[in-house]
Every structure is written in structure tokens, then in C-alpha cells.
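**Student:** Please see the structure below; I have some questions.
Only the coordinates and a few stated rules stand behind these numbers; no lab work does. The shown structure was predicted, so the numbers you read here are calculated from the model rather than taken from an experiment. Note that we place each Cβ from the backbone using ideal geometry, even for glycine, and neighbour counts take in every protein chain shown.
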2 protein chains.
Amino acid sequence: MSKIKVTNFTISLDGFGAGTNQSMKEPLGIGGEELHTWMFPTKRFRAMGGKNDGTEGIDNDFVEKAFENVGAWIMGRNMFGPIRGNWTDDEWKGWWGEDPPYHVPVFVLTHYERKPVKMKGGTTFHFVTTGVKSALEEAKKAADGRDIRIGGGVSTIRQFLQAGYVDEIHLAISPLFLGSGEHLFSGIDMLNLGFNNIQRIEGEQATHIIITKG
Amino acid sequence: MSKIKVTNFTISLDGFGAGTNQSMKEPLGIGGEELHTWMFPTKRFRAMGGKNDGTEGIDNDFVEKAFENVGAWIMGRNMFGPIRGNWTDDEWKGWWGEDPPYHVPVFVLTHYERKPVKMKGGTTFHFVTTGVKSALEEAKKAADGRDIRIGGGVSTIRQFLQAGYVDEIHLAISPLFLGSGEHLFSGIDMLNLGFNNIQRIEGEQATHIIITKG
């Protein structure tokens, strides 16, 4: 069955999934990039940058697994790019260049209309201005029985959690503090949402938590 | 050198150190006891209840270590007992019976005066009505060069953190959600407080994090 899942999403010890002041230079906000240091050396992540090296092991397995059976992505526009407000031109096509690592349709939540952008390798960015529910409906059609991955950022995941749409979460906890930023679970009662089945797996550089409804 | 430390303090994945609605029956609030399930089976914890069994390993080592070189404890009155407001009688002497597991002076923060209560095995409960700073001064004298352990609960630890008094924290992260309760780090910028040195040790049932000033 097609699942709606959050995978490879990293939070700090103080619960932040991104830093403050996101910008072109610091897309994950101040300190936000450090959250992902567990992922950067992995073989699968290095391959996304065209490199043929990197670590293998539990952390790498999680990065691998996060891409398996994904038929469509949904992400917030702040994850897609640093531009806010109207799309002033069609120049910005995401962070990854001509061949992004998604290879499936990606539905970008935004308040501003824009025509789809077709990239190399199977990725097409669709811009959805009608909210999370219709983004999910479109993604389901596009995914054709495979899973839908809610990519982030924090605000997008929170909206999907609160709407009760998420089936499974793979959280990585990075052993560091951000001090401030966007809090993932603040004000969200995960028990109340039915997430009472939890598995902990120790990675090399992060603690991995698999969260499902029991 | 004498350190001021928080040890064996457990939080949930959503950052809570205790549940809501603390009471005589649920001293750690709703769901709060579950936080500590990693600790209950350990040999050292079982010994506190007079049992001669239990698990050994990393989790047990942390429980052991938390009692080492402690010359005095400081705790909030809600950790000492379920009574709120005035001490109506001298009946309540903590949760542990006649011979509590502290074996050193324990300074209980309260707004209500009460005479010291001397227990068996070296524990004396002193009631401090003049705030965290004077509790710390009294504890330092009593500890005589050994460490001071800030026992909890959440509110007490937050006060000591915010005042900049804490040198070292051993946090255990339990792989569960509480959904609501008392949040340990909310509004506290641990980076700003200088806690940038972090070590992660995976235990059998919890993730242990050692936090010091780098």
C-alpha cells in the first residue's frame, strides 16, 4: 500500500529541524546545515553530488532507504529555494542543478502560481497553490501506488502531521544543539496522533528513530 | 574541581522531562514514569529498591556513574514530594522511605519553611526558601569539594541552566513521545549558554548524551 512518509528528517537535541534566518547562503538557516553532518559523508549522499566515495553502514543505509519506492515528493517552497513572494522569473530551478536527485514528480507548496518545470532524469516540479490536501491528491495520482515522501521543511511536515496524513516518520537525531530555529514537534501531540510505535537504531553519527502508528 | 551537574535526566523524543498533572499516584505526571523504563531494569536502580538483580551494561553504567562523587543534591519540592503549598505536618519524608538513596545532604527548593529532616544512611533534607543561588551556596559548603547534583525536576534544572550554574549534563533520550508535559529546553538557548561539546553514547534502551562547555 502506498504510504505517506517523512524520511531522513533530522532534528537537533533541542528539537529544531532548521535554523533561523534561512537565506541563499544558508538555506537551512543559521546552524541548520550542521544538523546534516551525519549524512554528508555517506556514500549515497556523495553520489547525489556525482562522487563515487563515502561511508557505508547504518547512516548510509538510511539515506539509501529514504529514496526507495518513492513515487512523488511534496515539499514547501522554502525547501525548493530561497525565493519568497512572487516567482519573478523562471530562473530558479531548485538547489540541485539540471538533474535533481528526485527522479519523480515533486509538488512544491506555494501561494504563487508557476508553470511546471521539467528537469532531467524524471524530476518535474509542480507548483501547488491550493494547499496540502490537494497537493496530496495530486501526488497520489502521480505516485501511482508508490510512496509519497514529505520532504520538508519543518512547516510542511507540521502541516501534514497535524492534518493526520503521515503514516511513517524516519527521524535522525543529531547530537548537537541549534539553540533556536524551527521546532518540529512544538505543540504537536504525537501520541494523540496515534504515533506510539517507535524503533531506535543507532547510526554511526546520528540516532535513527522509526515512528509508526501502532 | 567540584562540578555542578545534571545526571540521569531523561527526556522524550518531543523534549519533555515530565508529564502533565503530577500527583501522588503519578509523581512524574501522565506518562512521565514511562520515560524512565530504560533505567528500571538496571542493576543499580534495582539495588535502590533493595533488589539484588537487574541488567548490566551501558544503561546501568550511567545509573552507577550518576551517583559517583556526589557531595550534595539540589532538587525542586515537586521532586521531593506531591505536597503543594504549606507543609501541613512533618509526615512526608520523600519517596524512598527511611533510607533514601542519596546518602548526602539534599537541598529542597521550596517557598515554605520547614526544619531539616534527618534520615538514615547520611541523607538529610534541608529546605531552602531563598532561591537557587543560596541553595547552591549551601550545597557547595555541604559537598566539601565533591560534585553537586541538580536532581530535577524540569523547572529546577531550567532555573539552574538559565542562571549559568550547570557545568555538565548527562541526558538520556527515551525513544517515546509524551505528547505534552514539561519541556526541558524550550526557550533555553544551550549554544548561547556555551554547551557546544557533545558526546553521544547509545545504551541498550536509551541514547545517552553528555553535554559540557567546550
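**Student:** Which of B:LYS5/B:LYS120; A:LYS118/A:LYS141; A:LYS93/A:LYS120; A:LYS51/A:LYS120; A:LYS65/A:LYS115 have a Cα-Cα distance over 21 Å? Kindly include the intermediate steps, with their values, before the conclusion.
**Tutor:** Working: B:LYS5/B:LYS120 25 Å; A:LYS118/A:LYS141 18 Å; A:LYS93/A:LYS120 11 Å; A:LYS51/A:LYS120 18 Å; A:LYS65/A:LYS115 31 Å.
Checking Cα-Cα distances, B:LYS5/B:LYS120; A:LYS65/A:LYS115 exceed 21 Å.
**Student:** Another one. List the pair-distance distribution P(r) of segment B:47-119, using every Cα-Cα distance, as the percent of pairs falling in each 10 Å bin from 0 up to the bin containing the longest distance, rounded to whole percents.
**Tutor:** 15, 44, 29, 11, 1
**Student:** Next question, about the same structure. Give, as a single signed number, the net charge of other residues whose beta carbon lies under 13 Å from the beta carbon of B:THR130, with Lys and Arg counted +1 and Asp and Glu -1. Please list the in-between numbers first.
**Tutor:** On the way: positive: B:LYS133; negative: B:GLU113, B:GLU137, B:GLU138.
Net charge in that neighbourhood comes out at -2.
**Student:** Nearest 0.05, what FRET efficiency do A:TRP87 and B:TYR165 give at R0 = 45 Å with Cβ-Cβ as r?
**Tutor:** Values: r = 51 Å, r/R0 = 1.13.
According to the calculation, E is roughly 0.35.
**Student:** Suppose you put the label 7 Å out from Cα in the Cβ direction; list, shortest first and in nm with one decimal, how far B:ILE58 is from each other copy's label.
**Tutor:** 0.7
**Student:** Still on this structure, please answer the following. For segment A:1-122, what is the relative contact order in percent, using Cα pairs closer than 8 Å and at least 6 residues apart in sequence? Mind showing how you got there, number by number?
**Tutor:** Values: 132 pairs, mean separation 22.0, N = 122.
That works out to 18 percent.
**Student:** What are the ³J(HN,Hα) couplings of segment A:121-131, residue after residue, when phi is run through the Karplus curve with 6.51, -1.76, 1.60 and θ = phi - 60°? Round to Hz, x for glycine and proline.
**Tutor:** With the stated coefficients, segment A:121-131 comes to x, x, 7, 10, 8, 10, 10, 10, 9, 10, x Hz.
**Student:** While we're on this one: Taking 8 Å as the Cα distance limit and 6 or more residues as the minimum spacing, I'd like the relative contact order of chain B as a percentage. List each step's numbers first, then the result.
**Tutor:** Details: 447 pairs, mean separation 64.6, N = 214.
Over chain B, the number comes to 30 percent.
**Student:** Please give the net charge around B:ALA18, taking every other residue with its beta carbon less than 12 angstrom from that of B:ALA18, where Lys and Arg add +1 and Asp and Glu add -1.
**Tutor:** -3
**Student:** Give the dimensionless ratio obtained when the Cα radius of gyration of chain B is divided by 2.2 N^0.38 Å. Present the calculation step by step, with values, prior to reporting the outcome.
**Tutor:** Details: Rg = 16.4 Å, N = 214, 2.2 N^0.38 = 16.9 Å.
The reported ratio for this selection is 0.97.
**Student:** Counting every Cα pair in segment A:79-147, what percent are over 19 Å apart?
**Tutor:** Values: 739 of 2346 pairs.
The proportion of pairs with Cα distances above 19 Å equals 32 percent.
**Student:** Once amide H atoms are placed 1.01 Å from N in the peptide plane, what residues at a sequence separation of 5 or more from A:ASN8, or on another chain, have their amide H within under 5 Å of its amide H?
**Tutor:** A:HIS170
**Student:** How large is ³J(HN,Hα) for each residue in segment B:44-51, as worked out from phi by the Karplus curve 6.51 cos²θ - 1.76 cosθ + 1.60 (θ = phi - 60°), to whole Hz, x for Gly and Pro?
**Tutor:** 5, 5, 4, 5, 5, x, x, 8
**Student:** If you average the C-alpha positions of segment A:25-56 and of segment B:70-106 separately, how far apart do those two centres end up, in angstrom?
**Tutor:** If you average the Cα positions of each part, the centres end up 49 Å apart.
**Student:** Could I ask something else about it? If one puts a single equal scatterer on every Cα of segment B:166-214 and applies the Debye formula without solvent, what log₁₀ I(q)/I(0) results at q = 0.29, 0.33 Å⁻¹?
**Tutor:** For segment B:166-214 at q = 0.29, 0.33 Å⁻¹, log10 I(q)/I(0) is -1.13, -1.18.
**Student:** Could you work out the mean count of beta carbons from other protein chains within 10 Å of each residue's beta carbon in A:173-183?
**Tutor:** Values: counts 6, 2, 9, 8, 11, 3, 9, 4, 0, 0, 5.
Per-residue shielding by partner chains comes out at 5.
**Student:** Right, here's the next one. With each label point set 7 Å from Cα along the Cα-Cβ vector, what nm distance links A:ASN52 and B:MET1?
**Tutor:** Simple spin-label model gives 5.2 nm for this pair.
**Student:** Here's another thing I want to ask about it. Give me, ordered by chain and number, the residues 5 or more places off B:THR42 or on other chains with an amide H under 5 Å from its own placed amide H.
**Tutor:** Here B:THR55 satisfy the definition.
**Student:** For the protein assembly as shown, I need the span (max minus min coordinate) of the C-alpha atoms along each principal axis, in Å, sorted largest to smallest.
**Tutor:** 76, 39, 39
**Student:** Here's another thing I want to ask about it. Whole-Hz ³J(HN,Hα) for each residue in segment B:7-16, computed from phi via Karplus 6.51 cos²θ - 1.76 cosθ + 1.60 with θ = phi - 60°, x for glycine and proline: what do you get?
**Tutor:** 10, 6, 9, 9, 10, 8, 4, 8, x, 8
**Student:** Using the Cα atoms of segment A:108-180 to build a convex hull, what is its mean projected area in square nanometres? Numbers along the way, then the final one.
**Tutor:** Working: hull surface 27.6 nm².
One quarter of the hull surface, i.e. the mean projection, equals 6.9 nm².
**Student:** Would you calculate the volume per residue, in Å³, of the smallest convex hull containing every Cα atom of segment B:1-65?
**Tutor:** On the way: hull volume 8.6 nm³, N = 65.
It is 133 Å³ per residue.
**Student:** Counting only C-alpha contacts under 8 Å and six or more residues apart, can you give the relative contact order of segment A:97-188 as a whole percent?
**Tutor:** Details: 94 pairs, mean separation 18.9, N = 92.
Over segment A:97-188, the number comes to 21 percent.
**Student:** Run a plain Debye calculation on segment B:39-89 (Cα atoms as equal point scatterers, no solvent) and give log10 I(q)/I(0) at q = 0.21, 0.27 Å⁻¹, rounded to two decimals, same order as the q list.
**Tutor:** These q points yield log10 I(q)/I(0) values of -0.82, -0.97.
**Student:** Let me ask something else. Find how many whole Å separate the alpha carbon centroid of segment A:150-198 from the alpha carbon centroid of segment B:121-196.
**Tutor:** Using only Cα atoms, the two centres lie 27 Å from each other.
**Student:** Mean Kyte-Doolittle of at least -1.0 plus a Cα span of 18 Å or more along the axis: flag which DSSP H helices in chain B meet both, please.
**Tutor:** What comes out of the filter, once short or polar helices are dropped, is none.
**Student:** Test of understanding: in a Gaussian network model of chain B with alpha carbons linked when under 10 Å, which of B:GLN162, B:GLN22, B:GLN199 would top the mean-square fluctuation ranking?
**Tutor:** Among B:GLN162, B:GLN22, B:GLN199, the largest mean-square fluctuation in the Gaussian network model of chain B belongs to B:GLN199.
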